[in-house]
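The values are calculated or read from the model by the stated rules, or taken from the named source; none is laboratory data. Every value quoted in this text rests on a predicted model; they were computed, and no experiment measured them. Backbone-built Cβ (ideal geometry, glycine too); neighbour counts: all protein chains shown. Note: areas computed on protein heavy atoms with side chains; ligands, DNA, RNA excluded. Shrake-Rupley method; radii C 1.70, N 1.55, O 1.52, S 1.80 Å.
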Amino acid sequence: DVNQYMVYQPLVNYAAAGSYDEISAAIYFRNQWVGFEGAPVNYAMQVALPFDDVNSSFGIRLMRDQIGVVSSDVVSINYAYSFQLTSKSALSFSLSPKFGFVQEKRTDLTTANDYDPLTNTNIQQNGLFNAEFGSYFFQDNFYVGAVIPNLLRNNIVGTNNVETYFSPKETGWFVHSGYEWKTNRANHLNASALVKSDLGSSLHAELNLLYQ
């Protein structure tokens, strides 16, 4: 999970790019459990370019996740469109086609049986198609967004086959929201929350506070 989403919303929900009037970008990096072989490492880069004349924003996102012998790279082409609801609030939607590249270096694993068929062959799958859909409501000091990170399921079967399909029951989602209090002219208190659900895992919730 990227809990720094409260600092730069488009990194996890591109619909939030509709709230930015200028070019924006962010780079994220996390290295967990440093010193342990195979520990999780992930990083991402996001760039968003607004076009106010057409109430739109275009961008690109690069993400990489690695844990053990498994690595995953995702390239997303992002688009968001905003609707002005009132003078102080707006609603935006985004659609982000993306392509995934998955590699599993199973031959690097150490097993009790050197002839285990599951570890004698590496897996490399390129160009796995998927898409992300997001929505985002925002005003001066409040926002709430909802995201479906993957509209499709990409299941690798064996070493060479990929099953890509749509299944509402297997679709993950998350909702995030935040509020800002102005404690004085120079300082602010920001609170944000996220609730997430995905296939094969329990419901996840988190709360973040930022004072600046």
| message | For LYS169, give me every one of the lysines with a C-alpha distance below 20 angstrom, ignoring sequence neighbours fewer than eight places off in its own chain. | response | LYS196
| task | Mind checking which lysines have their Cα closer than 23 Å to the Cα of LYS88? Skip sequence neighbours fewer than 8 apart in that chain. | result | LYS182
| said: I'd like the distance separating the alpha-carbon centroids of the stretch 145-181 and the stretch 1-69, in whole Å. | reply: 17 Å
| note | Most packed first (mean Cβ within 10 Å per residue), the peptides 151-158, 89-96 order as 89-96, 151-158
| Largest first, what is the accessible-area ranking of LEU203, LEU85, LEU49, LEU11 with a 1.4 Å probe? | LEU203, LEU85, LEU49, LEU11
| field | Most to least accessible of THR110, THR164 (protein chains only, probe 1.4 Å) | value | THR110, THR164
| said: How large a share of the accessible area of the stretch 1-77, in percent, is made up of carbon and sulfur atoms when the probe is 1.4 Å and the other protein chains stay in place? | reply: 61 percent
| How large is the accessible surface per residue of the stretch 36-178, computed with a 1.4 Å probe and reported in Å² as a whole number? | 58 Å²
| Which entry in (i) 36, 20, 15; (ii) 26, 20, 18; (iii) 34, 28, 17 is this structure's computed semi-axes √(5λ) of the Cα gyration tensor in Å? | (i)
